[in-house]
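So the structure is just underneath, and the comments pick up after that.
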Amino acid sequence: MAVLRPVLTLAGLVALWAGLARWGGIPPYMLPSPAAVARALWTQRAQLAPAGLTTLEETLLGLVLGIGAGSALAIGMALWAPLRRWVMPMVLLSQAVPVFALAPLLVLWFGFGMSSKVVMAVLVIFFPVTSALGDGLRQTEPGWMDLARTMGASRWRVLVHVRLPAAMPSFASGVRMATAIAPIGAVVGEWVGASSGLGFLMQTANTRFQTDLMFAALAVLAVMTVVLWWGVDRALARALYWQPVHADVD
């Protein structure tokens, strides 16, 4: 049932989409049929494949750098309280500015290449990782830390052996969220200024009224995001083998 539910949901949505495209009176240039999108996926695979690889590379680089930077900042704020008071307002401010407003500046500063898209992805995922790990570190059971200090553990050992393991479930939640939204940053950057990638391909198709190609690129992006999230989720589940798995309540 865990596999059947999403398959049935997807089939229902595709059926609704096909019905709207056929009997809804919507022009094909506004809503192509699933069959037209499937044809575009096959006939335009020579464009979609390299564009998808470019966006995937930007997303993965953004994930690695964003998770690393967010984790380092969260640990630093946990170890030194003044750093949190000085830096956290800036982190919050970075999230208050819409990514669409930052994208043109990043393209201007870092160019039309991959760098600006990676930076955009880092900015999108930076806050969820920092916030999740920071909350996990602050919410460590005080009794565990008191016991470690009583046994002579240094501040660093308390962090490594007590606080970080206790914060891993919260950190995993932040990483999962970051994985789901990281492609957004890369695609937004490609919309503003790029020469390759799914966002660039969608923008080019839009100017040519190739709506079927736009939907095909969206489908590739959706599949890529789901597969990436699933892989990260499985890896985290294996890494956090001590975390209890709660069954869904029907």
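The values are calculated or read from the model by the stated rules, or taken from the named source; none is laboratory data. Computed from a prediction, not measured in an experiment: that's the story for all the values here. Positions of Cβ are generated from backbone atoms using ideal geometry, with glycine treated the same way; all protein chains shown enter the neighbour counts. The accessibility values were calculated without ligands, DNA or RNA, using every heavy atom of the protein model including side chains. Shrake-Rupley method; radii C 1.70, N 1.55, O 1.52, S 1.80 Å.
If you scan the stretch 18-32, which residues turn out to be in contact with a Phe, Trp or Tyr (Cβ under 8 Å, 6 or more places away or on another chain) and either farther than 11 Å from Thr211 by Cβ or open to solvent by 40 Å² or more (accessible area, probe 1.4 Å) (or both)?
Tyr29
Mind telling me which of the residues Phe171, Phe209 ends up being in contact with a Gly (Cβ under 6 Å, 6 or more places away or on another chain) and more than 26 Å from Arg5 (Cα to Cα)? Lay out the reasoning, then the answer.
Numbers: Phe209 fails: in contact with a Gly (Cβ under 6 Å, 6 or more places away or on another chain).
Going through Phe171, Phe209 in turn, the sole match is Phe171.
Scan (1) open to solvent by 50 Å² or more (accessible area, probe 1.4 Å); (2) outside any helix (DSSP H, G or I) for the single condition Ala194 breaks and write down its number.
With (1) open to solvent by 50 Å² or more (accessible area, probe 1.4 Å); (2) outside any helix (DSSP H, G or I) applied to Ala194, the lone miss is (1).
Confirm whether Met145 is over 22 Å from Ala239 (Cβ atoms) and of a type outside the set (Phe, Trp, Tyr).
yes
For Phe112, only one of the following conditions fails: (1) surrounded by fewer than 17 Cβ atoms within 10 Å (Cβ to Cβ); (2) modelled with pLDDT under 80. What is its number?
Evaluating Phe112 over (1) surrounded by fewer than 17 Cβ atoms within 10 Å (Cβ to Cβ); (2) modelled with pLDDT under 80 leaves (1) as the failure.
Tell me, which residue of the stretch 84-118 that is without any contact (Cβ under 8 Å) to a residue 60 or more places away in the chain and touching a Leu at 6+ places or on another chain (Cβ under 8 Å) is farthest from Thr225 (Cα to Cα)?
Looking at the filtered set, the residue picked out is Val87.
Report, by residue number, each residue of the stretch 14-32 that is over 16 Å from Ala219 (Cβ atoms), part of a loop (DSSP other than H, G, I, E, B) and of a type in the set (A, V, I, L, M).
Matches in the stretch 14-32: Ile26, Met30.
Go through (1) of a type outside the set (D, E, K, R); (2) within 18 Å of Phe200 (Cβ to Cβ); (3) surrounded by fewer than 22 Cβ atoms within 10 Å (Cβ to Cβ) one by one and return the number of the condition Ser71 breaks.
Ser71 satisfies all of (1) of a type outside the set (D, E, K, R); (2) within 18 Å of Phe200 (Cβ to Cβ); (3) surrounded by fewer than 22 Cβ atoms within 10 Å (Cβ to Cβ) except (2).
Is the stretch 151-163 home to any residue that is within 27 Å of Leu102 (Cα to Cα), open to solvent by 30 Å² or more (accessible area, probe 1.4 Å) and in a helix (DSSP H, G or I)? Please lay out each step first, then the result.
Just the residues of the stretch 151-163 that are within 27 Å of Leu102 (Cα to Cα), to begin with: none.
No, every residue in the stretch 151-163 fails to be within 27 Å of Leu102 (Cα to Cα), open to solvent by 30 Å² or more (accessible area, probe 1.4 Å) and in a helix (DSSP H, G or I).
Give the number of residues within the stretch 139-150 that are open to solvent by 50 Å² or more (accessible area, probe 1.4 Å), out of contact with any Lys or Arg (no Cβ under 9 Å at 6 or more places or on another chain) and either of a type outside the set (S, T, N, Q) or outside any helix (DSSP H, G or I) (or both).
Residues that pass the stated criteria total 5.
What's the total number of residues in the stretch 88-107 that are open to solvent by less than 70 Å² (accessible area, probe 1.4 Å), over 12 Å from Gly193 (Cβ atoms) and within 20 Å of the chain's Cα centre (by Cα)?
6
Got a number for residues in the stretch 197-242 being under 25 Å from Phe171 (Cβ atoms) and either in a helix (DSSP H, G or I) or open to solvent by 60 Å² or more (accessible area, probe 1.4 Å) (or both)?
18
Taking only pairs six or more apart or across chains, which ones have beta-carbon atoms under 7 Å, a first residue in the stretch 189-201 that is more than 14 Å from Thr59 (Cα to Cα), and a second residue that is among the aromatic types (Phe, Trp, Tyr) and surrounded by fewer than 24 Cβ atoms within 10 Å (Cβ to Cβ)?
Gly193/Phe112; Ala194/Phe112; Ala194/Phe200; Ser195/Phe112
What are the residues in the stretch 176-191 that are over 18 Å from Val227 (Cβ atoms) and open to solvent by 10 Å² or more (accessible area, probe 1.4 Å), if any?
Trp191
Among (1) outside any helix (DSSP H, G or I); (2) closer than 28 Å to Leu240 by Cβ, where does Phe112 come up short?
(2)
Go through (1) open to solvent by less than 60 Å² (accessible area, probe 1.4 Å); (2) at pLDDT 85 or above one by one and return the number of the condition Ser173 breaks.
In the conditions (1) open to solvent by less than 60 Å² (accessible area, probe 1.4 Å); (2) at pLDDT 85 or above, Ser173 misses (1) alone.
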